[in-house]
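As structure tokens, the structure follows; a few thoughts come after it.
The values are calculated or read from the model by the stated rules, or taken from the named source; none is laboratory data. What you see is a predicted model; the values in this text were computed from it and never measured. Here the Cβ positions follow ideal geometry from the backbone for every residue, glycine too, while neighbour counts run over all protein chains shown. Accessible surface is based on the protein model in full, side chains and every heavy atom, while ligands, DNA and RNA are left aside. Shrake-Rupley method; radii C 1.70, N 1.55, O 1.52, S 1.80 Å.
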Amino acid sequence: MFPADLKKWHFLESTLQKVFSSYNVDEVRTPLLESTDLFSRSAGSSSDIVNKELYTFLDRNDESISLRPEGSASVIRAVIQKKQENEKHKLWYQGPMFRYERPQKGRFRQFHQVGVEYLGFEEGAPEYELIAMVLQIHQSLGIKNFKFKINHLGNADEKKKFCESLVSFLQPHLPKLHQKDVERLKHNPLRILDSKEKSTQTLLQNAPKYVDFISVESKQLLEDLILTYKDQCDIEIDNSLVRGLDYYTGLVFEVTSNNLGAQDAILGGGRYDLLSEQLGGKSLNAIGFAIGIERIIELINIDNLMDPIKVGFIVYGEQIYKKTYKIANNLRKANKDIVLESYLSGGSLKSQLRRANKNNCNFAVIVGDDEITNDQVVWKDLSEDGQQIFLDVEELITKYTNL
Ligand code: HAM
């Protein structure tokens, strides 16, 4: 990532941090390496993430280690390890994740996520708060064109019953199914719902429907969420949304954008109340989401990001560093929003001015021998008219403060 790319990253990071602190969400950092076991027990040993996409190797002690493919399992692992399952946590994290997928536009083997996890809160308020947070994130980043899809996977029992009924419905049709879907049906039947095969999708039209297996309360939650947010975004129930990780029960959601191409998911998340116990911890309610940074960055319009004002600090002639350093220092203190670029390798006035223009400086402060002797500097406008005036240091600081 080069400076031009990182400009957007910094904007994204600072915007998200502001949103998170307005919700009183604290940062957590977990390691890049975890025991492989953590991911096979959380994402599910039959999920693509574990089966095909983990970067796994044996360490010097012959223990199986993996680069993390996602953040939720590590957060839960850390909370269990610190014996904090009885407390409530509102956490966010960011960093690289690794999945051995076929690289394509928007899909990388090392990518970055920003994730949020609410731990210790039952179904209800957190579902509303996290959707509101996602909307606020999009608004703060100036992203308008996106679709919110939600679904409810019921509780563990309901999920299991639905899977069983889906399998027995599709069993007689096995010969008609694509090999990939036969495999899914064997290991991970839910995933068949988002099969891309036309023949499978046709069959599924008459298959049992998830909504018929979840409780009235779960259905009501979906309806209420739609009612609450439909004026603020394009939000709909998508009964085929099951997500690629096994640990979800309850609400699941995804935000997509048709400005992204084939890999159109900006973020995904949901409730995973059973994961803590699955990993050997105490019962712990959990819900969260993770944003794909490379994808959301694509949707930020760089023109919306105001470049800061840039001032070139030009010192030429016999250098009186003690004096010039102090002027530059006071300017930087006076207005922290301005970029003050000093040309450390010196050079003639002409060559430094050329560099200031090349670096898109809006103004230049010029300090030469005469200026130092008279305690004055030149303030030069580097826009087309190129006006310049003499200012004493006090006047310069006032001008700089009020830019
Ligand atoms: P996920 O849907 O696997 O969920 O990933 C979340 C987001 O990461 C995706 O929507 C996408 O934007 C981005 N992403 C995933 N794979 C790649 C890739 N290969 N290249 C670029 N971007 C990618 C999770 O990871 C869950 N841990 C989310 C969660 C948090 N659920 C509850 N809490």
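If you go through the range 236-243 one residue at a time, do you hit one that is outside any helix (DSSP H, G or I), away from the ligand (no atom under 16 Å from the Cβ) and not acidic (Asp, Glu)?
Within the range 236-243, one or more residues are outside any helix (DSSP H, G or I), away from the ligand (no atom under 16 Å from the Cβ) and not acidic (Asp, Glu).
Within the range 244-291, which residues are on the phi > 0 side of the Ramachandran plot and either out of contact with any Leu (no Cβ under 8 Å at 6 or more places or on another chain) or among the hydroxyl-bearing types (Ser, Thr, Tyr) (or both)?
Those that are on the phi > 0 side of the Ramachandran plot and either out of contact with any Leu (no Cβ under 8 Å at 6 or more places or on another chain) or among the hydroxyl-bearing types (Ser, Thr, Tyr) (or both): Gly261, Gly280.
Is the range 297-320 home to any residue that is under 30 Å from Arg77 (Cβ atoms) and within 14 Å of the ligand (Cβ to nearest atom)? Write out each step before concluding.
Taking the range 297-320 first, the residues under 30 Å from Arg77 (Cβ atoms) are 297.
The next check asks that each one be within 14 Å of the ligand (Cβ to nearest atom); those that pass are 297.
Within the range 297-320, one or more residues are under 30 Å from Arg77 (Cβ atoms) and within 14 Å of the ligand (Cβ to nearest atom).
If I go through the range 251-296 residue by residue, how many of them are within 7 Å of the ligand (Cβ to nearest atom) and among the charged types (D, E, K, R)?
The number of residues fulfilling the criteria is 3.
Examine the range 2-19 for a residue that is modelled with pLDDT of 95 or more, assigned to a strand (DSSP E or B) and either open to solvent by 40 Å² or more (accessible area, probe 1.4 Å) or aliphatic (A, V, I, L, M) (or both), and state whether such a residue exists.
No, that holds for no residue.
Does the range 211-230 include one or more residues that are within 24 Å of Ser47 (Cα to Cα), among the aliphatic types (A, V, I, L, M) and part of a helix (DSSP H, G or I)?
The initial filter retains those residues of the range 211-230 that are within 24 Å of Ser47 (Cα to Cα), namely 211, 213-214.
After this cut, where a residue has to be among the aliphatic types (A, V, I, L, M) as well, the list is 211, 214.
Imposing the further condition that a residue be part of a helix (DSSP H, G or I) reduces the set to 211.
Yes, that holds for at least one residue.
Can you pull out every residue in the range 264-311 that is among the small types (Gly, Ala, Ser) and surrounded by fewer than 15 Cβ atoms within 10 Å (Cβ to Cβ)?
Gly280, Ser283
Scan (1) surrounded by 19 or more Cβ atoms within 10 Å (Cβ to Cβ); (2) under 17 Å from Val28 (Cβ atoms); (3) of a type in the set (S, T, N, Q) for the single condition Gln84 breaks and write down its number.
With respect to (1) surrounded by 19 or more Cβ atoms within 10 Å (Cβ to Cβ); (2) under 17 Å from Val28 (Cβ atoms); (3) of a type in the set (S, T, N, Q), Gln84 is out only on (1).
Criterion first (closer than 27 Å to Asn258 by Cα, among the acidic types (Asp, Glu), near the ligand (Cβ under 10 Å from one of its atoms) and open to solvent by 20 Å² or more (accessible area, probe 1.4 Å)) does Glu129 satisfy it? Give the steps one after another, and end with the answer.
Details: closer than 27 Å to Asn258 by Cα: yes; among the acidic types (Asp, Glu): yes; near the ligand (Cβ under 10 Å from one of its atoms): no; open to solvent by 20 Å² or more (accessible area, probe 1.4 Å): yes.
Answer is no for this residue.
Just one of the numbered conditions (1) of a type in the set (A, V, I, L, M); (2) assigned to a loop (DSSP other than H, G, I, E, B); (3) modelled with pLDDT of 95 or more is not true of Ala262; which one?
For Ala262, the failing item is (3).
Given Leu119, Leu91, Leu67, which one is open to solvent by less than 20 Å² (accessible area, probe 1.4 Å), more than 8 Å from the ligand (Cβ to nearest atom) and not small (Gly, Ala, Ser)? Let's see the steps before the verdict.
Numbers: Leu91 fails: open to solvent by less than 20 Å² (accessible area, probe 1.4 Å); Leu67 fails: open to solvent by less than 20 Å² (accessible area, probe 1.4 Å).
Step by step, each of Leu119, Leu91, Leu67 is checked, and only Leu119 is open to solvent by less than 20 Å² (accessible area, probe 1.4 Å), more than 8 Å from the ligand (Cβ to nearest atom) and not small (Gly, Ala, Ser).
Taking only the range 142-173 into account, find how many residues are closer than 14 Å to Ile266 by Cβ and surrounded by fewer than 21 Cβ atoms within 10 Å (Cβ to Cβ). Don't jump to the end; show me each part of the working.
Taking the range 142-173 as the starting set, the residues that turn out to be closer than 14 Å to Ile266 by Cβ are 142-149.
Restricting the remaining residues to those that are surrounded by fewer than 21 Cβ atoms within 10 Å (Cβ to Cβ) gives 142-145, 147, 149.
Number of matching residues: 6.
Only one residue in Asp224, Asp238, Asp212, Asp234 is at pLDDT 90 or above, acidic (Asp, Glu) and open to solvent by 80 Å² or more (accessible area, probe 1.4 Å), so which one is that?
Numbers: Asp224 fails: open to solvent by 80 Å² or more (accessible area, probe 1.4 Å); Asp238 fails: open to solvent by 80 Å² or more (accessible area, probe 1.4 Å); Asp234 fails: open to solvent by 80 Å² or more (accessible area, probe 1.4 Å).
Selected residue: Asp212, the only one of Asp224, Asp238, Asp212, Asp234 that is at pLDDT 90 or above, acidic (Asp, Glu) and open to solvent by 80 Å² or more (accessible area, probe 1.4 Å).
Looking at Tyr210, is it in contact with a Phe, Trp or Tyr (Cβ under 8 Å, 6 or more places away or on another chain) and within 14 Å of the ligand (Cβ to nearest atom)?
For Tyr210, the condition - in contact with a Phe, Trp or Tyr (Cβ under 8 Å, 6 or more places away or on another chain) and within 14 Å of the ligand (Cβ to nearest atom) - is not met.
From the list Tyr316, Tyr321, which residue is buried (at least 18 other Cβ atoms within 10 Å of the Cβ), at pLDDT below 90 and more than 40 Å from the chain's Cα centre (by Cα)?
On the way: Tyr321 fails: buried (at least 18 other Cβ atoms within 10 Å of the Cβ).
From the options Tyr316, Tyr321, the qualifying one is Tyr316.
How do the pairs read when you match residues in the range 25-47 that are polar (S, T, N, Q) with residues anywhere that are open to solvent by 60 Å² or more (accessible area, probe 1.4 Å) and not in a loop (DSSP other than H, G, I, E, B), using Cβ under 6 Å and keeping only pairs 6 or more apart or on different chains?
Pairs that qualify, where the first residue is polar (S, T, N, Q) and the partner is open to solvent by 60 Å² or more (accessible area, probe 1.4 Å) and not in a loop (DSSP other than H, G, I, E, B), are Thr36/Thr56; Ser46/His187.
Here is a check on your reading of the model: is Gln104 near the ligand (Cβ under 10 Å from one of its atoms), open to solvent by 30 Å² or more (accessible area, probe 1.4 Å) and free of Cβ contacts under 8 Å to residues at least 40 places away in the same chain? If you could, list the steps in order and put the result at the bottom.
Numbers: near the ligand (Cβ under 10 Å from one of its atoms): yes; open to solvent by 30 Å² or more (accessible area, probe 1.4 Å): yes; free of Cβ contacts under 8 Å to residues at least 40 places away in the same chain: no.
No, not satisfied.
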